[in-house]
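Student: This structure is in structure tokens; I'll ask about it shortly.
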Amino acid sequence: MPPAFHAIVVSLITGLFFFTVLAVVVRLVMQWRGAESRSALAVGADQGALWAATIGTALIVAAMITGFAIWAPSAAINSPIMRNKILTAILLLVTFAIFIGIRWKVGERLWHNRTLSLFYGLLALAGFHWSMVTNSIGGDIAGIPSGYETLVQWSGVETRFTYYLPTWLLVLIALVSVAMLVLAFTDRSAPADEQRHAEAR
């Protein structure tokens with residue numbers, strides 16, 4: 001398969017996830033400014049972020065398929081930089097799967113919970129970051145590095161060799177994971193907010 005197909009799919013993914021981040025930021029700004037949550041811009045930003053992320057997530061699978069059509073699996077498994085690209089692509093897929101799952105599960109109540117909506121925005125940023133890292137590693141493989149992976153290296157992760165996370169980052173991930181679980185099991189504001197907004201309508 002010509003590499004151009006993979007490049008086209010990856011470019012579409014990057015554009016969709018960039019749009020997702022912009023839409024989420026717009027919706028968060030409107031929320032914090034106390035704007036009407038049923039306005040056309042608020043609804044459009046919310047729905048636009050959801051559908052752009054959904055389409056982009058589906059295209060990640062297409063990018064993986066076209067990628068393995070270019071590079072044989074045996075070559076990918078035996079190359080540290082290719083393994084890194086596969087890992088970051090999986091992280092990208094998981095991040096946006098969580099992003100979409102939260103929106104489908106919680107619905108519009110998401111925007112009435114400041115903590116959850118902030119986490120939702122951070123997920124969008126994290127997903128876009130992983131898309132950029134994946135693309136940057138791919139560019140490095142193709143001989144046209146973008147330099148974005150330098151930002152990852154500042155955190156102690158070397159993208160050109162076997163991928164690893166420094167101990168401090170593993171501890172941070174564990175703490176954030178525990179905090180997320182605590183928030184999920186102790187938050188009781190969403191039902192009250194939903195009832196209040198229903199009564200206001």
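The values are calculated or read from the model by the stated rules, or taken from the named source; none is laboratory data. Bear in mind the structure is a predicted one, so any value in this text is a computation, not a measurement. Glycine gets a Cβ as well: all are built from the backbone with ideal geometry, and neighbour counts include every protein chain shown.
Student: When the range 1-44 is examined, which residues are found to be under 13 Å from the mean Cα position of the chain (by Cα) and in contact (Cβ under 8 Å) with a residue 40 or more places away in the chain?
Tutor: Selection gives 13, 14, 16, 17, 18, 20, 21, 24.
Student: Within the range 75-121, take every residue that is free of Cβ contacts under 8 Å to residues at least 24 places away in the same chain and not in a helix (DSSP H, G or I) and give me the one that is surrounded by the fewest Cβ atoms within 10 Å (Cβ to Cβ).
Tutor: 78
Student: Here is a follow-up. Evaluate the following for residue 32: is it more than 24 Å from residue 153 (Cβ to Cβ) and surrounded by fewer than 20 Cβ atoms within 10 Å (Cβ to Cβ)? Explain how you work it out, then say what you get.
Tutor: Working: more than 24 Å from residue 153 (Cβ to Cβ): yes; surrounded by fewer than 20 Cβ atoms within 10 Å (Cβ to Cβ): yes.
Against the criterion (more than 24 Å from residue 153 (Cβ to Cβ) and surrounded by fewer than 20 Cβ atoms within 10 Å (Cβ to Cβ)), residue 32 qualifies.
Okay, residues lined up against (1) within 18 Å of residue 99 (Cβ to Cβ); (2) among the small types (Gly, Ala, Ser); (3) in contact with a helix residue (DSSP H, G or I) (Cβ under 6 Å, 6 or more places away or on another chain):
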{"site": "30", "(1), (2), (3)": "no, no, yes"}
{"site": "33", "(1), (2), (3)": "no, no, no"}
{"site": "47", "(1), (2), (3)": "yes, no, no"}
{"site": "51", "(1), (2), (3)": "yes, no, no"}
{"site": "56", "(1), (2), (3)": "yes, yes, yes"}
{"site": "62", "(1), (2), (3)": "no, yes, yes"}
{"site": "69", "(1), (2), (3)": "no, yes, no"}
{"site": "74", "(1), (2), (3)": "no, yes, no"}
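Student: Another question about this same structure. Please verify whether the range 151-160 includes one or more residues that are assigned to a helix (DSSP H, G or I), in contact (Cβ under 8 Å) with a residue 24 or more places away in the chain and in contact with a Lys or Arg (Cβ under 9 Å, 6 or more places away or on another chain).
Tutor: No, the range 151-160 contains no residue that is assigned to a helix (DSSP H, G or I), in contact (Cβ under 8 Å) with a residue 24 or more places away in the chain and in contact with a Lys or Arg (Cβ under 9 Å, 6 or more places away or on another chain).
Student: For the range 45-74, name all the residues that are free of Cβ contacts under 8 Å to residues at least 12 places away in the same chain, polar (S, T, N, Q) and under 27 Å from residue 117 (Cβ atoms).
Tutor: Of everything in the range 45-74, just one residue is free of Cβ contacts under 8 Å to residues at least 12 places away in the same chain, polar (S, T, N, Q) and under 27 Å from residue 117 (Cβ atoms), namely 47.
Student: What are the residues in the range 136-150 that are loosely packed, with under 13 Cβ neighbours inside 10 Å, farther than 19 Å from residue 4 by Cβ and in contact with a helix residue (DSSP H, G or I) (Cβ under 8 Å, 6 or more places away or on another chain), if any?
Tutor: 147
Student: Checking residue 144 against (1) in contact with a Ser or Thr (Cβ under 8 Å, 6 or more places away or on another chain); (2) at pLDDT below 80: exactly one of these is not met. Which one?
Tutor: Going through the list (1) in contact with a Ser or Thr (Cβ under 8 Å, 6 or more places away or on another chain); (2) at pLDDT below 80, residue 144 breaks only (1).
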